[in-house]
Each structure stands twice: as structure tokens, then as C-alpha cells.
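Q: This is the structure I want to talk about, given as C-alpha cells.
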Amino acid sequence: MRLVSECRCIREPKAAPIALIFVIAWRTVGFAMVLILAGLKSIPKELEEAGEVDGASRWHTFWLIKLPLLKTPIMVTSIILMLSNFNNVDVPMVLTAADRAMRRM
């Protein structure tokens, strides 16, 4: 069984950034979805019903009611993920086996 660090595609200069983006996205998308979903669940149904009574379409309900109320969860999620990306130094090191290469030096 081969380890991820032994995969030749990760060591290629054109494929390595794609692999890094995929791994970091895999680590962060679930967290972001949970926070945004919590923000969506906190929106009162009465506001959606009021928009429906006023004749707003689903698009207008989202754009004019839900999205403004989601600004805070989106901002908090963005800040947390941005700060957590400073700690993603280990992902390239693990994927490219740079840690082992540095130990050999």
C-alpha cells in the first residue's frame, strides 16, 4: 500500500497546487457549511412568511431577507477560515514529504 507522500503526481509542479487546494478545501468546507447552516436555521420563519405575504419570489426572499441576515455568520466563517489557513503549513509538508527531506539534510 502506497502512502500519499509516495504518489508521483503530488511531486509534479503542475499537479501539486491542485492537490493542495483539494486537501485544504476538503478540510474547511464542512466547517463552513455547519456555520452557514446554523446561521440559516437562526432566521425566523416569520420573516420568510412576511416576504411571501408581500409577494416576494424565492429569489427576492433569499436576496433581501436571508442574505442580509447571513452577513454575520459569513463574516465570522471567513475570518475563522482565513486565520486557520495560517496553520496549513503542515499540509504541503505532509503531501510533498518535505519533512522527511528536511530531516535528511
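Q: From the list Arg2, Arg58, which one is more than 30 Å from Met93 (Cβ to Cβ), of a type in the set (Lys, Arg) and either under 15 Å from the mean Cα position of the chain (by Cα) or modelled with pLDDT under 95 (or both)? Can you show your working first?
A: On the way: Arg2 fails: more than 30 Å from Met93 (Cβ to Cβ).
Selected residue: Arg58, the only one of Arg2, Arg58 that is more than 30 Å from Met93 (Cβ to Cβ), of a type in the set (Lys, Arg) and either under 15 Å from the mean Cα position of the chain (by Cα) or modelled with pLDDT under 95 (or both).
Q: Turning to a different aspect of this structure: Could you list, in sequence order, all residues of the stretch 14-49 that are surrounded by 11 or more Cβ atoms within 10 Å (Cβ to Cβ) and not in a helix (DSSP H, G or I)?
A: Correct list: Ala15, Ser42, Ile43.
Q: I would also like to ask the following. Do we find that Ile74 is surrounded by 10 or more Cβ atoms within 10 Å (Cβ to Cβ), within 16 Å of Ile24 (Cα to Cα) and at pLDDT 95 or above in this structure?
A: Working: surrounded by 10 or more Cβ atoms within 10 Å (Cβ to Cβ): yes; within 16 Å of Ile24 (Cα to Cα): no; at pLDDT 95 or above: yes.
In short, no.
The values are calculated or read from the model by the stated rules, or taken from the named source; none is laboratory data. If you're wondering where the values come from, they're calculated on a predicted model, not measured in any experiment. Because the Cβ atoms are built from the backbone with ideal geometry, glycine has one as well, and the counts that use them run over all protein chains shown.
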